[in-house]
Amino acid sequence: MNPSTRAQPPLSFIPPELDTRVLALVRLGLPYWMRWREQVQHVEVVNAEGLVQLFKAFDAGETRFLLAFRHPSPLDSFCIGHLLWYAVPQRARELGVELKRPVHVHFIYDRGIPLWAGAWVGKLYAKLGGTPIQRGKVDRQGLRSARHLLANGQFPLAAAPEGGNNGHTEIVSPLEPGVSQMAFWCVEDLHSQGRAEQMAIAPLGISYRYITPPWRELDRWLDRLEQETSLAPQKHLYPPGDTSKTAIEQRYRRLSDLGERLLTLIENYYRRVYRVALPVVDSSDRLDATPPTNALSNRLEALMNAALQVAESYFQLQPKGSSIDRCRRIEQAGWEHIFRQDVAGNPRLSAVELGLADREAEEASLRMWHMRLVESFIAVTGQYVRQRPSAERFAETVMILRDTVCLIQGKNPFPRPKLGPQRAVLTVGEPISVSDRWPAYKANRKQAVAQLTADLQASLEAMIPPPPSV
């Protein structure tokens, strides 16, 4: 995940350059890619007509809107592509509504994605109308581009208010306020230009279900993770793939033991290497204690705080805000030590100066590792699997543990392995009028942004579908 261990010129802005030929090619290849590469066999759309009506109003110059989508998985972009390029046009035809072609959106993406996914991804996103933003600082150029597209772009704008994908179908991470602020900016821009369009946010829920619960694959991953953490494999407890209630209870015990082991190893690492005073855990605070305790959430909070402080101490940052806020500032500080103006300057750095710059970049990358570790755990709760031991919740938790093990071993956890064919459920929520909230925004901007963010959070949480019974 670390972008580089060598000093490089500053990150450049990648301007959106929509190419309808590239868009057409990606659209044609999407169904095959989703089915054969990503194993998403079916996409169910709930309330597609809601988006049909919004696009109709957008085409008529009556409404601008921002598609605010849940971000539980890296698969989300493919599913949104299916929604826009196939499901919405099909529903429009069924309703007798004529929409302008192509049905598409501009979108905001993290400028860091091309660093680990490949420079070609940034070029592709630009050709699809995407605009990048650096999340850990006030990226004025990125914000200007996104603001311009929302008010004046050829298409609506899409963004994930959670910031990054959190790995949980049934948990919405705390939303960042940027989407709400941008929506109010759009109202301001419309007023300043004397335009009568209304501004709305369209919430979009996204969730995933396995077509066949992948218990056998989960058992294999439990075996592998137990081996990698020096836990004795427990295959004898139940036959591989067993779906009985007893087997699921035993899997939970294995998962709990694995989480306990991994957490203990990491805690001991920070105690030993960084002399961090983490709380000592007694036997009553086991992760699978009955009755349930807050052991995991308390230990994770202490561990995440310790890991972030290690990175913040190096970069001389104050620990302010939520864990997500702290991660973003650490990431940006690291990038400033890696992507440097003097590397591209004139005169060029001498060989010795460049060598020292490389050492500085390497140190920054090492400190950013602590932040990546915390990112793996941010959405983890102590009761997620216990409350509802579905295959989906097991799979999400096992994959988070697997990601953590990869990071500790210095590996890139992406792309994740496929456990089995899935179906996606996309739910279009009721649009939230931002124009109607304009008087409240003028009266108290901070409070209006916070209220809109809270209402959007509630809307996204309400669209989480109930899981199938075990």
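The values are calculated or read from the model by the stated rules, or taken from the named source; none is laboratory data. Treat the numbers as computed from the prediction; the structure is a model and nothing was measured. Note that each Cβ is placed from the backbone with ideal geometry, even for glycine, and that neighbours are counted across all protein chains shown. Note: areas computed on protein heavy atoms with side chains; ligands, DNA, RNA excluded. Shrake-Rupley method; radii C 1.70, N 1.55, O 1.52, S 1.80 Å.
Which condition number does ALA7 fail, the rest of (1) open to solvent by 30 Å² or more (accessible area, probe 1.4 Å); (2) small (Gly, Ala, Ser); (3) over 26 Å from the mean Cα position of the chain (by Cα) being met?
(1)
Go through (1) in contact with a Leu (Cβ under 8 Å, 6 or more places away or on another chain); (2) modelled with pLDDT under 95 one by one and return the number of the condition GLY164 breaks.
Only one criterion in (1) in contact with a Leu (Cβ under 8 Å, 6 or more places away or on another chain); (2) modelled with pLDDT under 95 is unmet by GLY164, namely (1).
So, in segment 229-256, how many residues would count as being surrounded by 15 or more Cβ atoms within 10 Å (Cβ to Cβ) and either part of a helix (DSSP H, G or I) or touching a helix residue (DSSP H, G or I) at 6+ places or on another chain (Cβ under 6 Å) (or both)?
13
Checking TRP185 against (1) in contact with a Leu (Cβ under 8 Å, 6 or more places away or on another chain); (2) farther than 30 Å from ARG328 by Cα; (3) not basic (Lys, Arg), only one condition comes out false. Which one?
Among (1) in contact with a Leu (Cβ under 8 Å, 6 or more places away or on another chain); (2) farther than 30 Å from ARG328 by Cα; (3) not basic (Lys, Arg), TRP185 violates only (2).
Scan segment 160-211 for residues that are open to solvent by 10 Å² or more (accessible area, probe 1.4 Å), under 15 Å from PHE107 (Cα atoms) and β-branched (Val, Ile, Thr) and jot them down.
VAL179
Go through segment 262-303 and give me each residue that's in contact with a Lys or Arg (Cβ under 9 Å, 6 or more places away or on another chain), modelled with pLDDT of 85 or more and open to solvent by less than 30 Å² (accessible area, probe 1.4 Å).
LEU263, GLU267, LEU278
Residues that are open to solvent by 70 Å² or more (accessible area, probe 1.4 Å) and closer than 30 Å to GLU49 by Cβ: find the helices (runs of 4 or more DSSP H) completely inside segment 353-470 holding 3 or more of those.
In segment 353-470, 445-462 are the helices (runs of 4 or more DSSP H) which contain 3 or more residues that are open to solvent by 70 Å² or more (accessible area, probe 1.4 Å) and closer than 30 Å to GLU49 by Cβ.
Residues in segment 68-107 that are open to solvent by 20 Å² or more (accessible area, probe 1.4 Å), within 14 Å of the chain's Cα centre (by Cα) and basic (Lys, Arg): how many?
0
Across segment 19-47, what is the number of residues that are under 15 Å from ILE206 (Cβ atoms) and assigned to a helix (DSSP H, G or I)?
1
Please return the ranges of strands (runs of 3 or more DSSP E) entirely within segment 123-214 where 1 or more residues are within 21 Å of the chain's Cα centre (by Cα) and free of Cβ contacts under 8 Å to residues at least 40 places away in the same chain. Even if it seems obvious, please write down each step before you answer.
Values: elements: 130-133, 157-159, 198-210.
Answer list for segment 123-214: 130-133.
Six or more apart or on different chains, Cβ under 8 Å: which pairs go from a residue in segment 60-83 that's within 30 Å of HIS191 (Cβ to Cβ) and among the small types (Gly, Ala, Ser) to one that's part of a strand (DSSP E or B) and open to solvent by less than 40 Å² (accessible area, probe 1.4 Å)? Could you list them?
ALA68/ALA158; ALA68/ALA159; ALA68/ILE201; ALA68/ALA202; ALA68/PRO203; ALA68/LEU204
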